[in-house]
Amino acid sequence: MENTNSRRDFLKKSAALALGTIAATAVVNNTLFANTQNTTLENYLLPGGDRFTLSVLPYTYDALEPHIDKLTMEIHHSKHHQAYVTNLNKALETIDNSILGSNYTFENIFDKIEKLPVAIRNNAGGHYNHSLFWILMKPNGGGQPKDKLAAAINTSFGSFDEFKKKFTESAMNRFGSGWAWLVLNKSKLTITSTANQDNSLMNVSGIEIKGTPILALDVWEHAYYLKNQNRRADYITSWWNIVNWDAAESLFNTASK
Ligand code: MN3
């Protein structure tokens with residue numbers, strides 16, 4: 001019992017620490033969930049009590065229609081994402097505490113990922129990546145970023161159209177299942193992609209570009225197959241209409257501080 005209690009205590013502490021370390025989400029707490037019931041970041045992306053938890057989306061399952069259909073959103077969130085959360089919690093029960101110590105934040109998990117079982121790599125990645133993916137979409141999104149992110153994209157890629165073209169190519173060229181990313185590393189914006197549920201925060205070989213995610217696109221078939229079948233290009237075209245540039249801007253501003 002003592003172990004259980006102390007584990008719960010340190011997870012609570014690590015949740016508080018993570019608020020500072022997963023900088024990407026700090027602003028999200030105050031803005032993106034403002035109109036939802038489940039407004040706390042702790043409920044969304046961090047361990048709740050002694051468990052990671054799946055939070056509700058900041059919009060309804062049909063809110064992204066016609067670009068992403070209701071059934072896809074429902075299965076993607078309530079089945080696929082839930083499975084990553086469930087399996088992450090199971091996998092964390094099996095590990096030697098000397099690896100993560102008392103710090104169960106994503107930052108620490110991703111930093112030690114090479115020493116952890118592959119189930120943690122897949123499921124912590126799955127949980128984190130999807131949590132970002134949801135907040136980086138919104139009804140009536142799309143268009144272009146404004147302010148500092150727009151300027152940084154122009155500096156890095158020449159123009160928004162050139163950025164969009166390169167990001168789309170990266171998402172199209174990811175063979176099999178994975179993600180396309182815009183990441184920030186030392187004030188440099190880069191487009192990259194990762195396989196499976198890997199991401200650019202993971203400290204492990206095979207991650208080409210390290211950095212803080214600013215934009216995330218899931219290109220697993222489960223993200224589009226019901227509506228688009230094999231047509232990934234159509235899904236990506238649709239996705240540009242629902243990108244939440246306010247969220248991306250928040251992530252960029254936090255990461256570039
Ligand atoms: Mn997915």
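The values are calculated or read from the model by the stated rules, or taken from the named source; none is laboratory data. Treat the numbers as computed from the prediction; the structure is a model and nothing was measured. Cβ coordinates were reconstructed from backbone atoms using ideal geometry, including for glycine residues, and neighbour counts include every protein chain displayed.
As an exercise: evaluate residue 150 against (1) part of a strand (DSSP E or B); (2) more than 18 Å from residue 219 (Cα to Cα) and give the number of the one condition it does not meet.
If we test residue 150 against (1) part of a strand (DSSP E or B); (2) more than 18 Å from residue 219 (Cα to Cα), just (1) comes out false.
Say we look at the range 83-142 and pick out the residues that are in a helix (DSSP H, G or I) and of a type in the set (D, E, K, R); which of these is farthest from the ligand (Cβ to nearest atom)?
115
Of the numbered conditions (1) within 16 Å of the ligand (Cβ to nearest atom); (2) part of a loop (DSSP other than H, G, I, E, B); (3) among the small types (Gly, Ala, Ser), residue 238 satisfies every one except a single condition; which is it?
Among (1) within 16 Å of the ligand (Cβ to nearest atom); (2) part of a loop (DSSP other than H, G, I, E, B); (3) among the small types (Gly, Ala, Ser), residue 238 violates only (2).
For the range 188-219, which residues satisfy the criterion of being in contact (Cβ under 8 Å) with a residue 60 or more places away in the chain, of a type in the set (A, V, I, L, M, F, W, C) and within 12 Å of the ligand (Cβ to nearest atom)?
The answer is 216, 217.
When the residues of the range 181-200 are filtered to those that are modelled with pLDDT under 95 and assigned to a loop (DSSP other than H, G, I, E, B), which remaining residue is farthest from residue 163 (Cα to Cα)? Explain how you work it out, then say what you get.
Taking the range 181-200 as the starting set, the residues that turn out to be modelled with pLDDT under 95 are 185-188.
Among the residues that remain, those that are also assigned to a loop (DSSP other than H, G, I, E, B) are: 186-187.
Numbers: 186: 19, 187: 16 Å.
Residue satisfying both the conditions and the ranking: 186.
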